[in-house]
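Presented below is the structure to which this report refers.
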Amino acid sequence: MSEIKMVATDLDGTFFNNQRGVNEAKFSALLDYFDAHDLHFVIATGNDQPLVDHVFRPFIGRFDYAVNNGGQVKTKTGELLREAHFERSDGPKIQKLIEDAQLRLRHGIIFNGQHDSYMLSQYRGQGDLYDDIRWYFPDLKFIDDFSEIPTDETIIKIIFSALPEDARQFIDMINRNYGETYHATTSGYGAIDIIPANVNKATGIQYLLDYYGLTFDNVMAFGDGFNDLEMLEHAKAARSMPNGDPYLLEHFPHAIADNQRDGVLDTVIKELQLPLK
């Protein structure tokens, strides 16, 4: 696969193991090879840049970003290529759509901004996934009303979790009735991201491809959930994780191992025939 010049990977359930870590020695060796051969490694995740930088602090400056499900795109040198965001009036509208659906929320609604992330105080401590989401947003700001979000803040995505059986119906409703303005997606397990229309990992990666003079024929991509679907559909070499969503497993070739066993790294090394172990 000598035409592959870029590897793009999701994190949770894909590059991360179940302890939210990676094989740092193997990753470092792979990045050394990529640096020496003008190859590009992209973290393509629904998470935001502060979380990515916290986890991958030793590797900052050696990978590109397509974070917030492709809504924010940066090069490894920090050049901002894309920053999609909602209009300020969208926040309360989306909040009402969620609350009117009367879903059982597994953690409160989070307004993920460019500078900070915000949760309504009424949701503090609520839901069986509340402690889990605080790992992703350790500096979460609590507000009593959306109007308390600073006027210079831009909201990039809105996040919440519901029961898995309810999440799919809500996502379908948003995309069917509001698809010209909003796009709802999931990484699985009932987690829901609402982002501006035409924002996904594929449209985000396209900015990096244009920047480097490449096409999706040069991309190997890895994912495990529905928010990876567009990226996998476009990539020349798409690989679903053996632990991933059944739909992806049915429609895309599999990585050689799951996220617990360095599946992304070992697949890249084997299929690109890299001189690494």
Check: Hey, any hits in region 39-50 for a residue that's closer than 22 Å to Phe160 by Cα, of a type in the set (Phe, Trp, Tyr) and surrounded by 16 or more Cβ atoms within 10 Å (Cβ to Cβ)?
Finding: no
Margin query: Going by what's in this entry, would Asp100 be described as of a type in the set (Asp, Glu) and either at pLDDT below 95 or surrounded by 13 or more Cβ atoms within 10 Å (Cβ to Cβ) (or both)?
Written below: no
Item checked: Extreme residue, nearest to Phe15 (Cα to Cα), among residues of region 52-74 that are touching a Lys or Arg at 6+ places or on another chain (Cβ under 8 Å) and in a loop (DSSP other than H, G, I, E, B) -> Phe63
Next item on the list: Mind listing whichever residues of region 205-217 are of a type outside the set (Phe, Trp, Tyr) and closer than 15 Å to Phe41 by Cβ?
Entry: Ile205, Leu208, Leu209, Leu214
Item checked: Matching residues in region 83-110 - criterion: being touching a Leu at 6+ places or on another chain (Cβ under 9 Å), over 15 Å from Met173 (Cα atoms) and not in a loop (DSSP other than H, G, I, E, B) -> His107, Gly108, Ile109, Ile110
Next item on the list: Can you run down the residue pairs with Cβ atoms below 6 Å, 6 or more apart or on separate chains, where the first is in region 10-29 and within 20 Å of Leu276 (Cα to Cα) and the partner is modelled with pLDDT under 95?
Entry: Ala29/Leu276
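Out of region 121-131, which residues are farther than 24 Å from Met173 by Cα and in contact (Cβ under 8 Å) with a residue 12 or more places away in the chain? First the steps, then the outcome.
Of the residues in region 121-131, the ones farther than 24 Å from Met173 by Cα are 121-122, 124-126, 128, 130-131.
Residues satisfying the conditions are Ser121, Gln122, Arg124, Gln126, Asp128, Tyr130.
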Notebook entry, point to check: Within region 56-111, can you find the residues that are free of Cβ contacts under 8 Å to residues at least 60 places away in the same chain, among the small types (Gly, Ala, Ser) and farther than 29 Å from Arg20 by Cα?
Noted result: Ser89
Notebook entry, point to check: So is Gly13 under 23 Å from Thr186 (Cβ atoms), assigned by TED's automatic domain parsing to the domain that holds His254, in contact with a Ser or Thr (Cβ under 8 Å, 6 or more places away or on another chain) and part of a helix (DSSP H, G or I) or not?
Noted result: yes
Next item on the list: Kindly indicate whether Val268 is among the β-branched types (Val, Ile, Thr), at pLDDT 95 or above and within 16 Å of the chain's Cα centre (by Cα).
Entry: no
Note to self: I'm told Thr77 meets every condition in (1) assigned to a loop (DSSP other than H, G, I, E, B); (2) in contact with a helix residue (DSSP H, G or I) (Cβ under 9 Å, 6 or more places away or on another chain) except one. Can you identify the failing condition by its number?
What the structure shows: (2)
Margin query: Need the failing condition index for Tyr118 against (1) more than 14 Å from Asp48 (Cβ to Cβ); (2) modelled with pLDDT of 95 or more; (3) of a type in the set (Ser, Thr, Tyr), just the number.
Written below: (1)
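This table checks each residue for (1) farther than 22 Å from Leu80 by Cβ; (2) surrounded by fewer than 16 Cβ atoms within 10 Å (Cβ to Cβ).
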| position | (1), (2) |
| --- | --- |
| Arg134 | yes, yes |
| Leu140 | yes, no |
| Thr151 | no, yes |
| Ile156 | no, no |
| Thr186 | yes, no |
| Ile195 | no, no |
| Ala202 | no, no |
| Gln206 | no, no |
Next item on the list: Kindly indicate whether Gly13 is at positive phi, of a type outside the set (Val, Ile, Thr) and touching a helix residue (DSSP H, G or I) at 6+ places or on another chain (Cβ under 7 Å).
Entry: yes
Margin query: For the list (1) over 15 Å from Asp10 (Cβ atoms); (2) without any contact (Cβ under 8 Å) to a residue 24 or more places away in the chain; (3) assigned to a loop (DSSP other than H, G, I, E, B), I need the number of the one condition that Leu276 fails.
Written below: (2)
Next item on the list: Please find, among Val22, Val42, the residue that is assigned by TED's automatic domain parsing to the domain that holds Ala235 and part of a strand (DSSP E or B).
Entry: Val42
Next item on the list: Give the residue that is farthest from Val52 (Cα to Cα), with candidates limited to residues of region 126-140 that are touching a helix residue (DSSP H, G or I) at 6+ places or on another chain (Cβ under 9 Å) and not in a helix (DSSP H, G or I).
Entry: Gly127
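The values are calculated or read from the model by the stated rules, or taken from the named source; none is laboratory data. Nothing here was measured: the structure is a model prediction, and the numbers come from that model. With ideal geometry, Cβ positions are generated from the backbone for all residues, glycine too; neighbour counts draw on all protein chains shown.
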